[in-house]
Amino acid sequence: MVDAEAVKKICDIYDWDGKGELDLFFLGDVMYALGMNTTKKVCVGLGQTDEEGKKFAKFDDIVEKVNAAKVAPDSSGTYHDYVELLKLYDKNNNGTMMLAELREHPCQSWR
């Protein structure tokens, strides 16, 4: 179970109109803000949309969706998925990356 108050607090940040509803376009962002690494497939399965303003949900419904995502099988990437991603940068198929690619790697944390 996730902390319902924490979810509602984050939802409130994305509630620009003050209606107590979250645009489901931001569902993945809410989960990320909670420290979850939920896949887009799971978020879309829970109602996330590709465009803003298409679908909204009350904060209590978002709490239920976050709880559902937390217990969903394969809801987040694994180490193996990360290694497979890095293979995209292995231009010579020898288990290495070019230094220029490493500098532009999206997951770098030293900048």
Within the stretch 28-44, how many residues turn out to be in a helix (DSSP H, G or I) and under 8 Å from the mean Cα position of the chain (by Cα)? 7
Pick from the stretch 6-17, criterion at pLDDT 90 or above and open to solvent by 100 Å² or more (accessible area, probe 1.4 Å), ranking: farthest from Val63 (Cα to Cα): Ile13
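For every residue, the table says whether it meets (1) modelled with pLDDT under 80; (2) in a helix (DSSP H, G or I); (3) open to solvent by 100 Å² or more (accessible area, probe 1.4 Å); (4) of a type outside the set (D, E, K, R).
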position	(1), (2), (3), (4)
Val63	no, yes, no, yes
Asn67	no, yes, no, yes
Val83	yes, yes, no, yes
Asp90	no, no, no, no
Asn93	no, no, yes, yes
Glu101	yes, yes, no, no
Residues in the stretch 31-45 that are surrounded by fewer than 21 Cβ atoms within 10 Å (Cβ to Cβ) and either in contact with a strand residue (DSSP E or B) (Cβ under 9 Å, 6 or more places away or on another chain) or of a type in the set (Gly, Ala, Ser) (or both) total 7
Given the criterion modelled with pLDDT of 90 or more, within 21 Å of Met1 (Cα to Cα), open to solvent by less than 40 Å² (accessible area, probe 1.4 Å) and touching a strand residue (DSSP E or B) at 6+ places or on another chain (Cβ under 8 Å), identify the matching residue among Gly28, Gly20. Gly28
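The values are calculated or read from the model by the stated rules, or taken from the named source; none is laboratory data. Being a predicted model, the structure only gives us computed values, none of them experimental. In this analysis, Cβ positions are derived from the backbone assuming ideal geometry, glycine residues included, and neighbour counts consider all displayed protein chains. Ligands, DNA and RNA are stripped out before the accessible areas are found, and what is left, the full protein with its side chains, is counted by its heavy atoms. Shrake-Rupley method; radii C 1.70, N 1.55, O 1.52, S 1.80 Å.
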